[in-house]
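The values are calculated or read from the model by the stated rules, or taken from the named source; none is laboratory data. These numbers were taken from a predicted model, which means no experiment stands behind them. Counting neighbours? That spans all protein chains shown, and the Cβs are built from the backbone with ideal geometry, glycine included.
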Ligand code: HGY
Ligand code: MN
Ligand code: MN
């Protein structure tokens, strides 16, 4: 028996893992910009990506639909081919940051599909729905998690009113998508969705450092995002003496270096300015207006909120000293999320079953699981990310780790009925006794 095969079922995990990675390579060619991977919400590149995945899912015996939020949904029915059987959701996102790597998000979807393929036509006593979310990175609308928010019914009017860089409101983009796809289904999750599993590359160095292929996520750090505007006075770069300048870019630069060193002194805190624009934007004009982003994350919401306040106060004091104005808008505040204890225990068993000692981790990156967890018990399994690099074309994963993840996925499917049973029992036990009310 070749090393990659299961002795019990004959499943060739190595071949399925290699195929999942080859598919990530195919999907990497679905891009808005030649020579890099950039795939955003409802773009033609996303349509192309759906077309590939749809074909693979159909070959695996799944029924496919796209929903009103642009999520791709493939259902692998239970033994009785019942649409309304309890189901496990296996999902991640199909969109990318600009100039992305090959695996962030999409590998989780390919692993969901590979789990179904590994069943080789065998049906379970629950359904499996593999979902590719339409937007998690928030590139087009500056709002992340559009797909998973819609999935749990939390895509709200203020979200829908947001406009992209071309002025297209999100509700208009979604209406256009629905008109172009008359068979769209509701974006709401099925009421029998009883559990959610997301595989994702770690996007950091912890597992590599620990020599582990897989890890089990316990908590996902909260995130704050703000936009700041530093407004100074534009002027002539040759004639304005240094002491008479009100340079908006110099102020913003001083501020972001101050934020960097303050965050470095706060254990577990990360703060980033990843977007910056400068007007007038000419070499011989003193910058008059700078807009920049602030992204702050920590496992403790309290510490994150305190840090954001401190960073904004620093901006105000730098602005005052330099006689410029600063304003800010908090774009969003996503609390830290603890994943479901029952499913974490199941993920531990699944990872152990794949021969890896389960290590619990906090995710510094945001994931769809943190949104879905508000409605459906959720678990996440991380895959080692050699070099710890992500949101970058050098993002990497090892084929043997993908095979381990797939083994863990099959163990997860195996144990899921026990979870359903315990869960049902807990629900029954917590029901009020009708005689006493
Ligand atoms: O930004 C994040 O944490 C995620 O990768 N979208
Ligand atoms: Mn990402
Ligand atoms: Mn991701």
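Of the residues 16, 42, 81, only one is more than 16 Å from the chain's Cα centre (by Cα) and over 24 Å from residue 128 (Cβ atoms); which? Of 16, 42, 81, the one residue that is more than 16 Å from the chain's Cα centre (by Cα) and over 24 Å from residue 128 (Cβ atoms) is 42. Residue count for region 182-218, restricted to those that are in a strand (DSSP E or B) and either modelled with pLDDT under 95 or within 16 Å of ligand 3 (Cβ to nearest atom) (or both): 8.
It is to be established whether one or more residues within region 358-378 are within 16 Å of ligand 1 (Cβ to nearest atom), under 15 Å from the mean Cα position of the chain (by Cα) and in the same structural domain as residue 265 (by TED's automatic domain parsing). Taking every residue of region 358-378 in turn, none turns out to be within 16 Å of ligand 1 (Cβ to nearest atom), under 15 Å from the mean Cα position of the chain (by Cα) and in the same structural domain as residue 265 (by TED's automatic domain parsing). Checking 371, 389 one by one, the residue that is under 23 Å from residue 110 (Cβ atoms) and in contact with a helix residue (DSSP H, G or I) (Cβ under 6 Å, 6 or more places away or on another chain) is 371 and no other. The numbered conditions (1) under 30 Å from residue 248 (Cα atoms); (2) within 16 Å of ligand 3 (Cβ to nearest atom); (3) surrounded by 15 or more Cβ atoms within 10 Å (Cβ to Cβ) are all true for residue 372 except (1).
Within region 123-146, not a single residue is part of a helix (DSSP H, G or I) and more than 16 Å from ligand 1 (Cβ to nearest atom). Does at least one position in region 275-295 carry a residue that is over 30 Å from residue 237 (Cβ atoms) and in the same structural domain as residue 238 (by TED's automatic domain parsing)? Yes, region 275-295 has at least one match. Here is the figure for region 136-169: residues that are away from ligand 2 (no atom under 16 Å from the Cβ) and either surrounded by fewer than 21 Cβ atoms within 10 Å (Cβ to Cβ) or farther than 26 Å from residue 108 by Cα (or both) total 17.
Go through the residues of region 114-130 one by one and say whether even a single one is over 18 Å from residue 377 (Cα atoms), within 14 Å of ligand 3 (Cβ to nearest atom) and assigned by TED's automatic domain parsing to the domain that holds residue 402. No, region 114-130 contains no residue that is over 18 Å from residue 377 (Cα atoms), within 14 Å of ligand 3 (Cβ to nearest atom) and assigned by TED's automatic domain parsing to the domain that holds residue 402.
Could you list, in sequence order, all residues of region 216-245 that are touching a helix residue (DSSP H, G or I) at 6+ places or on another chain (Cβ under 7 Å) and more than 16 Å from ligand 1 (Cβ to nearest atom)? The answer is 216, 218, 228, 230, 231, 232.
Restricting attention to region 42-71, the residues that are outside any helix (DSSP H, G or I), closer than 17 Å to residue 140 by Cβ and touching a helix residue (DSSP H, G or I) at 6+ places or on another chain (Cβ under 6 Å) add up to 5.
Looking only at region 258-296, count every residue that is loosely packed, with under 15 Cβ neighbours inside 10 Å and within 16 Å of ligand 2 (Cβ to nearest atom) and tell me the total. Residues in region 258-296 being loosely packed, with under 15 Cβ neighbours inside 10 Å and within 16 Å of ligand 2 (Cβ to nearest atom): 2 in total.
Does region 88-106 contain any residue that is assigned to a helix (DSSP H, G or I) and within 16 Å of ligand 1 (Cβ to nearest atom)? Yes, that holds for at least one residue.
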